[in-house]
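First comes the structure, then the notes that go with it.
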Amino acid sequence: MKHDSFNESAEMYLKTVSELAEGGAPVPISALADRLGVSPVSATEMIHRLQGNGLVAHRPYKGILLTDDGHRRAADVIRSHRLWECFLVDHLGLPWNEVHDLACRLEHASDRQVTDALDGFLGCPATCPHGNPIPPADGWSAETANRSLAELHPGDKAVVVNIHPETGELLSYLADLGLRPGSRMAVVDVVPFGGPIILNVQGEQRYLGQEAAAFVFIHVIEEMA
């Protein structure tokens, strides 16, 4: 079943709905289709199939919610994904910003026995290399609720905690700017009318777009050191 094409597609949809959900609000099909790079028609067809399998609830004109079974399936995929990211970075030495796309493929090829063994081998890590919590084997844990970098003001200082949701393109962009979990920065200025955020990152001036800043979550700190 893990290698069945429908099963793999279903897992991708469930994981993406989980990633896009904010505060339990329904996820619009248009947002889901855009994130997955498919047409709204294709997304709607898959949602109907998932609803028939009891994995999602679709509220017309509002969006999609995961059922309890859907949450469990999504958590299993996310757990596998983030554990593989840890393995690829910590044991194979691959760059933290390149492992997301690789883990997207591995997550569907690993059954529960392999995922549990991988978790034990890695020492049961709490987070992935991008700072996101790894769901426990027996249930779902909520994503961290930190402030986004887009909420900061000139003069604020912060440390990056996590990047969510991840894409390979976003992670490469942030890596070029020196922004990863643990990085400290100060906000120099925020260009008005949707302009970039100007940051001081390790003594270098960097420009971060508002759209990307919304996916970077931080803790405000008093001092850079």
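The values are calculated or read from the model by the stated rules, or taken from the named source; none is laboratory data. No experiment lies behind these values; they were computed from the predicted model shown. Every residue, glycine among them, receives a Cβ derived from its backbone with ideal geometry; neighbour counts consider all protein chains shown. Just so you know, the surface numbers come from the protein's heavy atoms only, side chains and all, with ligands and any DNA or RNA stripped out. Shrake-Rupley method; radii C 1.70, N 1.55, O 1.52, S 1.80 Å.
Values as computed for the structure displayed
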item	result
Förster-model FRET efficiency, 25 Å R0, residue 102 and residue 191, C-beta, rounded to 0.05	0.10
Choice from 67, 127, 115 with maximal GNM fluctuation in the chain (Cα, 10 Å cutoff)	67
Rounded accessible area per residue of the chain, 1.4 Å, Å²	51
Contact order relative to length of the range 151-225, as percent, for alpha carbon pairs under 8 angstrom and 6 or more apart	40
Gaussian network model of the chain, springs between alpha carbon atoms under 10 Å - residue of 185, 12, 46 with greatest fluctuation	46
Where N is the number of residues in the range 1-88, Cα Rg divided by 2.2 N^0.38 Å	1.05
Per-residue ³J(HN,Hα) for the range 148-154, Karplus 6.51 cos²θ - 1.76 cosθ + 1.60, θ = phi - 60°, Hz, x for Gly and Pro	8, 4, 5, 8, 7, 10, x
Inter-label distance, nm, simple model (7 Å from Cα along the C-beta direction), residue 126/residue 223	2.4
Value of relative contact order over the chain, rounded to a whole percent, pairs C-alpha under 8 Å and six or more apart	16
Gap separating the Cα centres of the range 103-137 and the range 21-90, nearest whole Å	19
Rg and Dmax [Cα atoms of the chain; Å; Rg one decimal, Dmax integer]	18.4, 54
Portion, in percent, of the accessible area of the chain that falls on carbon or sulfur, probe 1.4 Å	53
Extension gain, residue 58 back to residue 207 (0.36 nm per residue minus Cα-Cα distance, nm)	49.7 nm
